[in-house]
Amino acid sequence: MKIFNKFSMAVLIAMLSFYSSAQPSKYDYSLEGGTVNNHGSISPNKATMLIGGAEAGASGEIEATTWFLNNAAGGDYLVIRTGGTGGQAAWVWNNFSSLISSAAELSIDSRKAANDASVAQYIYDAEAIFIAGGDQTSYVENWKDTEVETALNYVINVKGIPISGTSAGMAILGSSYYAPASTGVLSSEILNDPYNNNMTNSLFYDDFLDIPYLSNVITDTHLDRTHGSGNENRYGRVFGFLARSVNDQNSLNRYAIGCEEGAFVCIDSNGIAKVFGSGNNNQSHAYFLQVNCQAPETVQSGSPLVWNNSGQAVKVYQIPGSQDGSGNSFDLNNWTTASGGGWMDWFTTGGYSGFNFINGSGTSTGATSPSGCSGNPEECTAPSSLNSSNITSNSVTISWAATNANSYDLQYRESSSSIWSTINTTSTSENISGLSSNTIYEYRVRSICSSTTSVYSAIDQFSTLSEGGGTVNYCTSSGSSTQYEYIDEVAIDNTSNISGNDSGYGDYTNFTFNLNAGSSHTMYIYPQTSDREIIIAWIDFNQDGDFTDANEEVLYAQTRRRARGTISIPSDAKNGTTRMRVSMKYANDGAPTSCENFQYGEVEDYIINISGGSTARITSSLESIPSKEIDFKKEEMIVYPNPSKGKFSVNISQDELVEIVIHNITGEIIMTQKKKSIDLSHVKAGVYFMTIKTTKRSQVIRLVKKE
């Protein structure tokens with residue numbers, strides 16, 4: 001048993017005391033001028049200023065900044081950033097002290113600082129906030145789901161102060177935003193493959209800041225700046241962001257705003273934007289992008305983006321900024337009423353080489369304005385209630401609920417492939433033959449209406465049967481207590497499952513990692529523990545129902561932190577689906593075996609789908625493993641009943657609900673809502689993941705939808 005004596009407690013207290021003193025909160029506050037008055041009686045105006053990124057000395061900067069600060073009602077001006085304070089607040093105080101009471105800089109460089117109440121108080125006390133340029137990923141990693149995020153949304157929407165951002169600061173102001181997980185994506189990269197590596201885990205939706213009139217909007221900056229060996233600008237990039245947004249969110253109701261470096265887009269409390277800058281002869285244009293009634297024709301991993309719609313895929317209003325912001329306007333309430341600029345058509349016939357944003361004739365503007373679609377474009381909806389039935393070793397029947405479409409495109413592929421096969425049909429049911437046995441397939445459907453095309457439905461899956469029949473049964477293994485440790489996350493390369501506490505055993509056999517025979521991959525296992533653990537992972541490469549054969553132990557680690565290792569898939573591993581088991585056991589009790597029930601720790605099972613290996617006859621283990629109902633502690637967020645045939649309820653004991661997001665097992669969002677009652681009756685039976693976000697925290701819970 002685990003022993004925690006007085007000596008251990010004394011050591012722990014000493015360690016915590018040292019850690020607390022050695023790890024500062026990592027923030028820096030600097031008052032550059034004036035006196036912070038903590039105004040409680042003045043009334044600032046809601047306003048937003050989007051800056052293209054190179055504001056220093058740009059024509060129109062003084063006038064745009066004056067417009068912005070006039071909305072602060074003489075209050076306190078605060079610049080926030082990461083990476084240390086800068087000179088923005090000092091410049092504002094030196095030039096505009098008559099419009100404000102004070103100007104200060106606040107650098108918030110850690111999540112600990114972002115959850116510090118004294119740091120958040122600087123934000124609560126401000127009457128105008130400017131988010132500096134820098135790195136939007138750093139902003140998201142340090143501020144998202146913290147007291148700083150709560151404070152920002154409060155002062156913007158409740159207190160009603162003006163908010164501004166430049167470069168990275170502008171990039172995070174839309175409800176959709178791009179925060180690159182690695183290298184920033186080029187226009188050619190996103191247009192040639194909208195889901196390329198530089199777009200992995202980099203687009204986010206409706207989970208950070210809530211800015212007036214920027215709902216369903218993604219922003220991009222520095223449109224005119226050139227990048228890469230080909231001196232590429234970013235006009236194609238913001239077009240690609242919009243295409244991904246339409247596809248990812250399964251909605252045509254998506255928009256984008258892009259700014260050249262010298263543009264200042266100033267949005268008042270009524271949603272009317274005007275653009276400050278230096279006119280047509282300099283790079284100070286702003287672009288307002290909207291979908292022209294039809295989703296992209298092709299937007300998928302591994303293929304060039306096709307979004308043509310007869311050369312009118314996206315309607316764009318271009319405004320050259322004027323020095324005092326006069327002579328132009330754009331109404332963000334309807335996205336059609338505009339003046340001082342001109343309409344453009346942006347489209348691509350295929351990838352970067354097919355991208356056109358000057359109407360094909362060298363004319364920058366002169367396209368027709370949006371005329372509305374025949375009916376509401378959202379009436380051409382993606383099919384729902386997708387279902388796979390009559391599954392054999394080489395065939396399946398796919399069906400879906402009818403829409404008002406004239407026909408449908410049904411796409412399917414092996415889950416390890418990036419290439420879709422497409423069937424166009426007027427029926428709502430299709431039989432597909434010629435499939436590989438014991439293989440996981442993905443499929444999706446879209447509606448083809450008389451004048452437009454819907455986005456594709458969320459991707460669903462099925463697994464063909466083995467030619468040999470039968471199932472493989474695996475031994476059981478679990479931990480009895482997760483009081484001190486449990487497996488929090490398992491990841492291979494960029495595919496990750498955040499599981500949380502599964503009370504000793506997590507059945508994730510509806511979660512699949514797709515791997516190739518003869519390849520190597522990086523595996524990460526994240527424990528939730530303060531003790532030293534032994535973590536072992538096995539893969540049943542020959543699919544014989546055990547983990548005892550040579551080379552089937554693929555990872556061994558003794559750690560209290562993240563376990564990381566390279567796993568190699570043998571070139572002769574059998575094709576198809578097999579089992580992976582991850583076991584974590586308290587190190588003082590010895591290493592876990594693959595079929596052991598032990599005291600402290602946890603076990604999780606997953607499916608590995610192997611391609612390119614042996615073609616020997618194999619059997620499927622999917623149907624032999626029942627779903628497991630998760631036992632939630634009383635102090636946690638509770639979802640009940642779980643499993644369910646479709647109706648779920650959420651119980652949150654203390655916090656206020658902000659949002660619930662439902663993902664399928666491939667990570668695609670299938671539902672977003674703010675109600676505590678969830679209806680999944682329309683989706684296929686299987687495993688889903690619910691992210692519950694409250695005012696104080698977020699938690700991921702595994703759902704089981706039954707037939």
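A short reminder: the numbers here are calculations on the coordinates, not readings from a lab. Predicted, not measured: the structure shown is a model, and the values here were computed from it. So basically every Cβ, Gly included, is an ideal-geometry build from the backbone, and we count neighbours across all protein chains shown.
The figures follow:
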quantity: Förster radius 56 Å - calculated FRET efficiency between N404 and Q558 (Cβ-Cβ, nearest 0.05); calculated: 0.40
quantity: Structure-based [θ]222 nm, the chain - -39500 (n - 2.57) summed over DSSP H runs of at least 4, per residue, nearest 500; calculated: -3500 deg cm²/dmol
quantity: Net length gained if the chain between N473 and S138 were fully extended (0.36 nm per residue, minus Cα distance); calculated: 116.0 nm
quantity: N37 versus D531: modelled label distance in nm, points set 7 Å from Cα along the beta carbon direction; calculated: 5.9
quantity: Formal net charge of residues neighbouring W538 (Cβ-Cβ distance under 11 Å; K, R +1; D, E -1); calculated: -4
quantity: Net length gained if the chain between E297 and S353 were fully extended (0.36 nm per residue, minus Cα distance); calculated: 18.5 nm
quantity: Whole-Hz ³J(HN,Hα) from phi, Karplus 6.51 cos²θ - 1.76 cosθ + 1.60, for segment 176-187, glycine and proline x; calculated: 9, 8, 10, 10, x, 6, 9, 7, x, 7, 8, 4
quantity: Note, ³J(HN,Hα) from phi for segment 325-338, Karplus 6.51, -1.76, 1.60, rounded to Hz, x at Gly and Pro; calculated: x, 8, x, 8, 6, 8, 8, 7, 6, 10, 6, 10, 6, 8
quantity: Spin-label pair T522/N270, simplified geometry with 7 Å Cα→Cβ offset, distance in nm; calculated: 5.3
quantity: Length released on extending from N651 to T422, taking residue separation times 0.36 nm less the Cα-Cα span; calculated: 78.2 nm
quantity: Calculated Cα extents along the principal axes in Å (choose from (i) 76, 73, 48; (ii) 100, 62, 47; (iii) 87, 69, 51), label; calculated: (i)
quantity: Positive-end residue of W67, L191, N38, charge dipole of the chain with Cβ unit charges; calculated: N38
quantity: Spin-label model distance (nm) - T336 vs S389, 7 Å beyond Cα toward Cβ; calculated: 4.3
quantity: Charge dipole of the chain about the Cα centre (unit charges at C-beta), most positive-ward option of G311, I211, A401; calculated: A401
quantity: Assigned charges on the beta-carbon of Lys, Arg, Asp, Glu; the chain dipole about Cα centre (debye); calculated: 640
